[in-house]
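The values are calculated or read from the model by the stated rules, or taken from the named source; none is laboratory data. Please read these numbers as outputs of a predicted model, since none were measured by experiment. FYI the Cβ positions are ideal-geometry reconstructions off the backbone, even for glycines, and counts take in every protein chain you see. Protein only, heavy atoms only, side chains kept; ligands, DNA and RNA dropped before computing areas. Shrake-Rupley method; radii C 1.70, N 1.55, O 1.52, S 1.80 Å.
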Amino acid sequence: MIGLGIESTAHTFSCAVIEKKGKSGKILSDIRKIYRPPEGEGIHPREASRHHIENSSTVLSDCLKESKITIKDLDLVSYAGGPGLGPCLRVGAVVARSLASYYKIPIYPVNHAIGHIELGKLLTGAKNPLVLLVSGGHTMLLAFLNKQWRVFGETLDITLGQLLDQFGRSLGFASPCGKNIEQLAQTSSKYTPLPYSVKGNDVSFSGLLSATKSIVSKSKADACFSLQETAFAMISEAVERALSFTGKKELMIVGGVAANKRLSEMLKDVCKRHGARFFVVPLKFAGDCGSQIAWTGILESQVKKGVLLQNTFVTQSWRLDSVKIDY
Ligand code: AMP
Ligand code: MG
């Protein structure tokens with residue numbers, strides 16, 4: 001079975017082809033173009049969607065070329081139906097709908113967050129993990145129970161990715177800036193105390209963002225170091241409590257922030273204390289990509305015959321804990 005997946009929820013337009021053989025999936029191609037806003041600015045949805053429109057045909061044809069298949073070889077096409085930015089989501093949905101209607105291929109809208117998790121499971125081999133999803137759009141702790149992902153904790157305001165990106169932009173970096181902050185943080189070891197806010201299993205980052213901005217004039221590197229140490233310690237506390245509560249023996253981190261080495265280091269320590277195995281999605285597939293959508297579409301196709309074209313919506317605020325999973 002061969003599936004094409006199209007991702008366009010925010011900054012990335014990506015197409016990927018995956019072939020499923022038995023239980024495993026082989027990524028035949030994964031091509032991406034990332035919209036970069038001007039330095040110091042965030043994503044403008046209209047500009048990002050313009051970027052996606054301009055790049056969509058090249059990304060699609062490069063993806064097919066690299067996978068060495070033609071559109072006629074596809075058994076299904078899936079697209080990220082949400083959550084995400086409306087104008088961006090619509091670009092991926094239009095491309096998917098055009099292919100599905102012209103070539104008569106079954107079409108599947110996929111929840112972007114579930115895409116992160118399913119690809120993470122495929123690539124790491126985690127079976128029944130507690131999942132930490134940390135990206136531009138999500139900060140959530142999740143466990144699977146009775147056919148649905150259940151939320152054990154989440155951010156009460158901005159996400160971990162937004163915290164890093166908004167702080168990075170105030171330093172003049174272009175979004176996404178998690179990597180710039182990580183690099184600056186590696187040059188310091190001087191911790192300045194910052195607000196630490198864990199409420200039950202939830203976290204809150206907005207006070208931490210303001211406070212970090214107020215210490216930056218002394219040293220950018222110390223501010224980045226202190227920001228990472230505080231935010232990641234908050235996340236680690238929530239993870240530790242969720243591991244205790246759920247008794248899970250695996251932890252898997254997915255989402256763009258999973259690329260951060262210091263976050264992995266702290267979470268590995270937590271796992272060691274709890275006798276849990278630690279899995280992190282490979283760097284190349286941590287951020288948004290078509291493979292997440294292609295693989296989840298293939299899994300969906302095992303239990304569903306596709307969606308009628310008139311029902312191929314996009315939903316900006318599609319929560320993953322509302323999705324019933326039957327495969
Ligand atoms: P996603 O929405 O899954 O594509 O993830 C994008 C987010 O990941 C952005 O907020 C980035 O700043 C963040 N990110 C990417 N690389 C790193 C890194 N090395 N450390 C921390 N955050 C990162
Ligand atoms: Mg994402």
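Report the gain in length on full extension from Lys249 to Val303: 0.36 nm times residue separation, minus Cα-Cα distance, nm rounded to one decimal. Display every interim value, and only then the final one.
Working: separation 54, 0.36 × 54 = 19.44 nm, distance 2.83 nm.
Here the answer is 16.6 nm.
Based solely on its DSSP helices, what 222 nm [θ] is calculated for the chain when runs of n ≥ 4 H residues each add -39,500 (n - 2.57) and the sum is averaged over all residues, nearest 500 deg cm²/dmol? Provide the component values of the computation, followed by the final result.
Working: 9 runs with 136 residues, N = 327.
Computed ellipticity for the chain at 222 nm equals -13500 deg cm²/dmol.
Output the 0 to 90 degree angle, nearest 10, between the alpha-carbon long axis of helix 160-170 and the longest principal axis computed from the alpha carbons of the chain.
So the inclination is approximately 70 degrees.
Take every DSSP beta bridge with both residues inside the range 127-285 and express the antiparallel ones as a percent of the total, to the nearest 5. Show your work: numbers first, answer last.
On the way: 12 of 21 bridges.
Roughly 55 percent of the DSSP beta bridges within the range 127-285 come out antiparallel.
Enter the accessible area per residue of the chain (Å², integer; probe 1.4 Å; all protein chains in place).
Numbers: 14170 Å² over 327 residues.
Spelled out: the 1.4 Å probe surface of the chain, per residue, equals 43 Å².
If each residue of separation counts as 0.36 nm, what is the full-extension length gain between Arg50 and Thr187 once their alpha-carbon separation is subtracted? Write down the numbers at each step before the final one.
Values: separation 137, 0.36 × 137 = 49.32 nm, distance 3.74 nm.
My answer for the length gained is 45.6 nm.
What is the distance in Å between the Cα centres of the range 139-218 and the range 271-327?
Taking the Cα centre of each part, the range 139-218 and the range 271-327 sit 23 Å apart.
To the nearest 0.05, what FRET efficiency results for Ser98 and Ala233 with a Förster distance of 51 Å applied to their C-beta separation?
Working: r = 47 Å, r/R0 = 0.92.
Efficiency, rounded to the nearest 0.05: 0.60.
Please figure out what share of the DSSP beta bridges in the chain is antiparallel and state it in percent, rounded to the nearest 5. Working shown, then result.
Details: 28 of 46 bridges.
Bridges in the chain that DSSP calls antiparallel: roughly 60 percent.
Could you go through the range 211-220 in sequence order and give the Karplus-derived ³J(HN,Hα) for each residue, using 6.51 cos²θ - 1.76 cosθ + 1.60 with θ = phi - 60°, rounded to whole Hz, and x for Gly and Pro?
Result, ordered by residue: 5, 5, 4, 7, 9, 6, 5, 6, 7, 5 Hz.
List the cysteines in the chain whose Cβ has no other cysteine Cβ under 4.7 Å from it.
If one checks each Cβ against the other cysteines of the chain, Cys88, Cys177, Cys224, Cys271, Cys289 turn up with nothing under 4.7 Å.
Measure nothing fancy, just the Cα-based angle from helix 86-103's long axis to the longest principal axis of the chain, in degrees from 0 to 90, nearest 10.
Between the helix axis and the principal axis of the chain, the angle is about 20 degrees.
Let me have the relative contact order for the chain, percent, based on Cα pairs under 8 Å that are six or more residues apart.
The value is 26 percent.
Taking the DSSP beta bridges in the range 74-160 as the whole, what percent of them are antiparallel, to the nearest 5?
Within the range 74-160, antiparallel bridges account for around 65 percent of the total.
Taking the Cα atoms only, what angle lies between the long axis of helix 261-274 and the longest principal axis of the chain, rounded to 10 degrees?
Rounded to the nearest ten degrees, it is 80.
Quick one: net charge around Ala113, please, counting Lys, Arg +1 and Asp, Glu -1 for every other residue with C-beta under 14 Å from its C-beta.
Neighbour charge sum, excluding Ala113 itself: -2.
In whole Hz, with x marking every Gly and Pro, tabulate ³J(HN,Hα) for the range 55-66 from phi via Karplus 6.51 cos²θ - 1.76 cosθ + 1.60, θ = phi - 60°.
Along the range 55-66, the couplings run 9, 4, 6, 5, 4, 5, 5, 4, 5, 5, 4, 5 Hz.
Report the net charge of residues surrounding Met252, where surrounding means a beta-carbon distance below 14 angstrom and charges are Lys +1, Arg +1, Asp -1, Glu -1.
The answer is +4.
Give the calculated FRET efficiency between Arg319 and Lys26 to the nearest 0.05, with a Förster radius of 45 Å applied to their Cβ-Cβ distance.
Details: r = 31 Å, r/R0 = 0.68.
After rounding, the FRET efficiency stands at 0.90.
Pop a pseudo-label 7 angstrom from the Cα along the beta-carbon direction at both Ser206 and Lys72 and give the gap in nm to one decimal.
5.6 nm
Which percent of the accessible area of the chain is formed by carbon and sulfur heavy atoms (probe 1.4 angstrom)? Kindly include the intermediate steps, with their values, before the conclusion.
On the way: 7490 of 14170 Å².
Answer for the chain: carbon and sulfur cover 53 percent of the accessible area.
If each residue of separation counts as 0.36 nm, what is the full-extension length gain between Glu265 and Arg150 once their alpha-carbon separation is subtracted?
Details: separation 115, 0.36 × 115 = 41.40 nm, distance 2.55 nm.
Residue separation times 0.36 nm, minus the Cα-Cα distance, leaves 38.9 nm.
Sequence gap of 8 or more, or different chains, plus Cα separation below 13 Å: how many lysine pairs satisfy both in the range 127-285? It would help to have the intermediate numbers written out before the result.
Numbers: Lys127/Lys248; Lys127/Lys249; Lys179/Lys261; Lys190/Lys218; Lys190/Lys220; Lys248/Lys272; Lys249/Lys268; Lys249/Lys272.
The number of close lysine pairs in the range 127-285 is 8.
If packing is taken as the average count of other Cβ atoms within 10 Å, what order do 80-92, 142-154 fall into, highest mean first? Intermediate results must be reported in sequence, preceding the final value.
Details: 80-92: 23.9, 142-154: 16.5.
Sorting 80-92, 142-154 by mean packing, highest first, produces 80-92, 142-154.
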